[in-house]
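First the structure, in the form of structure tokens, and then the observations on it.
The values are calculated or read from the model by the stated rules, or taken from the named source; none is laboratory data. This is a predicted model, so every value here is computed, not measured. Every residue, glycine as well, gets a Cβ built from its backbone with ideal geometry; the counts of neighbours run over all protein chains shown.
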């Protein structure tokens with residue numbers, strides 16, 4: 001027997017990655033025979049479409065939908081991703097990787113990084129990344145399964161993807177429509193609210209059509225047509241911590257390796273991303289307009305391409321921060337409508353996924369329980385604040401002196417939550433995660449050590465371990481990781497063999 005207070009009409013306003021991810025995930029509800037889902041979008045309204053790099057949880061989302069990985073990569077021109085490379089962030093000429101997966105192995109309850117800290121001081125340990133398979137494999141441009149005889153906790157491969165976000169949206173649109181989601185073409189002229197409680201009742205299109213709903217999902221991008229313009233959720237501005245407020249983006253041909261990692265290169269006024277796909281490279285310059293002009297940023301970007309430009313540079317304006325509430329009344333904001341953090345750690349698509357996951361876990365009935373709404377907002381705020389702190393860390397822990405943006409970032413006051421983490425780590429290498437934090441300890445360690453934030457001392461328990469045995473263990477770990485990476489196939493060859501995308505048609509490559 002079906003419950004009588006089920007949500008019967010869900011209206012998703014806006015398409016793009018956020019809208020079609022929501023439609024695909026929520027399409028499962030249509031199987032109850034009661035719930036209908038309508039997605040309203042206009043071909044005349046463009047999408048931002050630069051969130052093309054992801055982190056490993058995207059695999060969980062695709063698996064939830066039953067999507068075949070290789071078919072998905074073929075359809076989106078995708079490639080695999082093992083890490084993010086940070087070039088010139090610590091100081092010019094320096095680079096490090098933030099890889100997925102763990103570093104080394106703990107011993108007798110002592111954290112691996114604490115053991116490494118002691119042995120590194122004594123010259124008996126190699127670089128921190130040498131003990132992480134994803135780090136080593138990324139540097140060798142390798143990807144694929146590790147041979148069975150080499151598999152161990154040290155040789156687990158953890159990966160995410162690079163893909164064409166527009167193609168992913170089209171892929172998910174086909175998936176959602178096959179499962180009953182109805183797409184409605186048109187621009188929204190007005191939003192109607194119920195007079196008694198202010199809940200959204202319907203959206204009205206320019207041609208007069210009225211789309212009624214009980215639950216509305218706002219995927220309208222930065223403007224937040226429903227969550228902000230209609231429901232006045234409010235916006236918390238983080239520009240004082242993250243001053244980059246613009247980006248110029250372009251697509252170019254790939255004349256280099258299809259590397260299994262994203263690259264972020266620090267520039268005078270911000271940083272440049274490089275995302276290698278099978279058919280092209282997505283690249284752009286995220287910058288602070290207070291520190292470099294639009295013209296200079298575009299010139300810098302165009303002078304640092306992998307190959308011939310396929311598109312004209314596209315300018316984007318944004319503001320770092322979040323809606324004070326992502327769920328107000330009967331409206332949930334996803335993607336850019338809920339807030340924005342620059343894509344330094346490839347979290348844009350993950351925040352959409354996380355919002356959908358929480359919505360499914362707290363899915364409302366017609367009564368809209370305020371306790372569930374409050375919990376959704378609390379969890380959303382906690383997660384985006386934790387990601388914010390992680391991004392601020394990259395800027396704050398820099399040694400680029402004599403440049404206004406970087407001097408400001410290094411000397412500015414940082415959030416107390418990040419300050420406590422840094423003080424604890426600098427003192428004795430201690431680190432603690434809170435509230436089911438997105439980034440694992442290994443991720444924080446990769447960035448902290450990668451940007452030369454080194455503790456004053458290490459855990460005293462390390463001295464209780466036999467030093468000769470520890471040195472042998474470290475060398476065995478390093479060797480096992482390198483041998484496993486050497487045995488993996490070349491990344492480009494693996495793509496060509498298992499998930500090669502169709503050759504782009506002439507207009508796309510023009």
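Do we have residue 99 as under 21 Å from the mean Cα position of the chain (by Cα) and surrounded by fewer than 22 Cβ atoms within 10 Å (Cβ to Cβ) here?
no
Out of 135, 164, I need the residue that is buried (at least 16 other Cβ atoms within 10 Å of the Cβ), over 22 Å from residue 390 (Cα atoms) and under 21 Å from the mean Cα position of the chain (by Cα). Which one?
Working: 135 fails: over 22 Å from residue 390 (Cα atoms).
Of the residues listed, the single one that is buried (at least 16 other Cβ atoms within 10 Å of the Cβ), over 22 Å from residue 390 (Cα atoms) and under 21 Å from the mean Cα position of the chain (by Cα) is 164.
Go through 217, 227 for me and flag whichever is touching a helix residue (DSSP H, G or I) at 6+ places or on another chain (Cβ under 6 Å), assigned to a strand (DSSP E or B) and either surrounded by 23 or more Cβ atoms within 10 Å (Cβ to Cβ) or at pLDDT 95 or above (or both).
Exactly one of 217, 227 is touching a helix residue (DSSP H, G or I) at 6+ places or on another chain (Cβ under 6 Å), assigned to a strand (DSSP E or B) and either surrounded by 23 or more Cβ atoms within 10 Å (Cβ to Cβ) or at pLDDT 95 or above (or both), namely 217.
Would you point out which residue out of 297, 333 is within 28 Å of residue 218 (Cα to Cα), touching a residue at least 24 places away in the same chain (Cβ under 8 Å) and surrounded by 19 or more Cβ atoms within 10 Å (Cβ to Cβ)?
333
Condition check: buried (at least 21 other Cβ atoms within 10 Å of the Cβ), assigned to a loop (DSSP other than H, G, I, E, B) and in the same structural domain as residue 409 (by TED's automatic domain parsing). Does residue 93 satisfy that?
When the stated conditions are applied, residue 93 does not pass them.
If you check 467, 437, 476, which single one turns out to be over 25 Å from residue 85 (Cα atoms) and at pLDDT below 95? Let's see the steps before the verdict.
Values: 437 fails: over 25 Å from residue 85 (Cα atoms); 476 fails: at pLDDT below 95.
Selected residue: 467, the only one of 467, 437, 476 that is over 25 Å from residue 85 (Cα atoms) and at pLDDT below 95.
Residues that are surrounded by 15 or more Cβ atoms within 10 Å (Cβ to Cβ) and without any contact (Cβ under 8 Å) to a residue 24 or more places away in the chain: does segment 411-422 have at least one?
no
For segment 172-190, give me each residue that is crowded, with 18+ Cβ neighbours inside 10 Å and under 19 Å from residue 8 (Cα atoms).
Residues satisfying the conditions are 176, 181.
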